[in-house]
Amino acid sequence: MSEMRERMHTGELYLPGDNEIIEWQMKCLDRLYDFNMTRPTEGKKREKMLKEMFAEIGENCYIEPPFHANFGGAHVHFGKNIYANFNLTCVDDSHIYVGDYTMFGPNVIVATAGHPILPELREKAYQYNAAVHIGKNCWIGAGAVIVPGITIGDNVVVGAGSIVTKDLPSNVLAVGNPCRVLREVNEHDREYYFKDRKIDWENL
């Protein structure tokens with residue numbers, strides 16, 4: 001393995017145009033292209049392909065094409081029962097970990113790759129990566145962006161359009177740009193699921 005490829009997961013600066021990295025990346029992207037070209041009726045085929053594409057993926061996961069990923073999911077670790085709507089983008093230059101039962105709305109971006117602020121380093125195409133961790137049973141709303149190095153706890157709701165630039169603890173609703181904790185998940189949420197609509201527990 002080349003030195004540059006090893007640096008992809010250490011947080012060090014590296015050159016993503018390294019020949020070994022590019023050769024491997026193209027293979028991953030070819031498989032991703034094939035996945036995105038599958039028909040809606042080819043559920044079993046999609047499931048098999050995701051198990052080959054991802055670093056890890058549990059049972060009953062569903063990703064609605066098109067799915068976008070720099071390495072086709074090769075550094076993505078999904079638990080079980082995860083749902084991703086259209087246009088999930090995983091900038092998986094390093095590892096992305098997602099816990100069981102988490103849901104992604106459409107057009108969510110989860111990024112591990114960053115570039116130096118210093119212009120001279122960007123001119124030379126240097127990059128660094130930082131892993132992202134998303135807990136169990138989270139709901140990441142439509143259009144949310146999660147930047148490199150972020151950790152999100154369990155049972156977190158990230159509001160639509162939020163930009164997550166700092167870690168979020170478990171059991172909170174967080175919204176905004178930059179994303180901030182609005183409140184904790186509480187007893188009100190056991191009674192109401194949307195505005196004034198009550199949860200009918202007897203019929204669930």
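General observations
- Every residue from segment 113-146 that is of a type in the set (A, V, I, L, M) and out of contact with any strand residue (DSSP E or B) (no Cβ under 6 Å at 6 or more places or on another chain): Ile117, Leu118, Leu121, Ala125, Ala130, Ala131, Ala142
- Once segment 52-66 is narrowed to residues that are in contact with a strand residue (DSSP E or B) (Cβ under 6 Å, 6 or more places away or on another chain) and not in a loop (DSSP other than H, G, I, E, B), the residue that is surrounded by the most Cβ atoms within 10 Å (Cβ to Cβ) is Ile63.
- Single condition Asp34 does not satisfy, out of (1) of a type outside the set (S, T, N, Q); (2) assigned to a helix (DSSP H, G or I); (3) modelled with pLDDT under 95: (3)
- Of the strands (runs of 3 or more DSSP E) entirely within segment 67-167, those holding at least 3 residues that are not small (Gly, Ala, Ser) occupy 76-78, 89-91, 96-98, 132-134.
- Taking first residues from segment 71-84 that are without any contact (Cβ under 8 Å) to a residue 24 or more places away in the chain and partners that are among the aromatic types (Phe, Trp, Tyr) and assigned to a loop (DSSP other than H, G, I, E, B), the Cβ contacts under 8 Å between residues at least 6 apart in sequence or on separate chains come to Val76/Phe54; His77/Phe54; Lys80/Tyr101; Asn81/Tyr101.
- Of the residues making up segment 20-43, those that are of a type in the set (S, T, N, Q) and either surrounded by 11 or more Cβ atoms within 10 Å (Cβ to Cβ) or on the phi > 0 side of the Ramachandran plot (or both) are Gln25, Asn36, Thr38.
The values are calculated or read from the model by the stated rules, or taken from the named source; none is laboratory data. Keep in mind that this is a model prediction, so the values were computed, not measured. When we count neighbours, we look across all protein chains shown, and the Cβ atoms used for this are built from the backbone with ideal geometry, even at glycine.
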